[in-house]
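As C-alpha cells, the structure follows; a few thoughts come after it.
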Amino acid sequence: MNYAFCQVETASAHIEVSPDIEKITEAKFDIENTGSYKIQLFYGNLNEAHKVLAKFKTTYGGMWSSKIKFETPNYKVWIGNYRNRLEADRALMRIQKKFPSAFIFKPKK
C-alpha cells in the first residue's frame, strides 16, 4: 500500500478597521432597527387601549413589540417596528385575523 502525505500550511491576517467604518456600521444598524412602518390596532380611551393590548399579548405573545401611545386626544395601540412595507404586510395578514380593523402606517419622525 502506498500512503500519500500532505503538509498544510496555515495563514493568518490582521485587519485594522477604521473608526469611520465602525460609525457607519452603527448608524446603519440604528436606521435598520428604528423601523419605518408600524401597525395600529386601536385608538380611543385608555381603558379600551389596555384591553386591546392585553388581548394582543395573549394572542401573539412576544412575537412583535407593542405599546400604547398617547396622541391628543386618543390613546393608540401600536405594534411592531417593521423595516419595510413587505414585512409589515406579512404581519398585518396574521394580525387582521384577530384585529380586523388593524392597518399599517408610517409614523411621522
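What spacing in nm lies between the two simple spin-label points modelled at Arg94 and Ile68, each 7 Å away from Cα in the Cβ direction?
Output for this residue pair reads 2.5 nm.
Go through the stretch 54-64 residue by residue and turn each phi into a ³J(HN,Hα) via Karplus (6.51, -1.76, 1.60, θ = phi - 60°); whole Hz please, and just put x for glycine and proline.
3J(HN,Hα) across the stretch 54-64, in whole Hz: 5, 4, 4, 5, 5, 6, 10, x, x, 4, 10.
Work out, step by step, the length gained on full extension between Lys55 and Gln7: first 0.36 nm times the residue separation, then minus their alpha carbon distance; give nm to one decimal.
10.9 nm
Are any of the pairs Lys69/Lys98; Lys51/Lys108; Lys55/Lys97; Lys57/Lys106; Lys67/Lys98; Lys69/Lys97 more than 19 Å apart by Cα-Cα distance, and if so, which?
Over 19 Å Cα-Cα: Lys69/Lys98; Lys51/Lys108; Lys57/Lys106; Lys69/Lys97.
Between Lys108 and Glu87, what length in nm is gained on full extension when 0.36 nm per residue of separation is reduced by their alpha carbon distance?
Gain in length upon complete extension: 5.7 nm.
Can you work out ³J(HN,Hα) from phi for every residue in the stretch 47-52, in order, using Karplus 6.51 cos²θ - 1.76 cosθ + 1.60 and θ = phi - 60°, giving whole Hz and x for Gly and Pro?
4, 5, 4, 5, 5, 5
As a test question: what accessible area, to the nearest 10 Å², does Ser101 have when a 1.4 Å probe is rolled over all protein chains in place?
90 Å²
Estimate the FRET efficiency between Glu22 and Asn47 by the formula 1/(1 + (r/R0)^6), using the beta-carbon distance for r and 41 Å for R0, to the nearest 0.05.
0.30
Name the residues whose placed amide hydrogens come within less than 5 Å of the amide hydrogen of Ser66, ignoring near sequence neighbours (fewer than 5 apart) on the same chain.
Sorted by chain and number, the residues that satisfy this are Gly80.
The values are calculated or read from the model by the stated rules, or taken from the named source; none is laboratory data. Predicted model, so just to flag it, every value in this text is computed and none were measured. Every residue, glycine among them, receives a Cβ derived from its backbone with ideal geometry; neighbour counts consider all protein chains shown. In case anyone asks, the SASA skips ligands and DNA or RNA and just uses the protein heavy atoms, side chains included. Shrake-Rupley method; radii C 1.70, N 1.55, O 1.52, S 1.80 Å.
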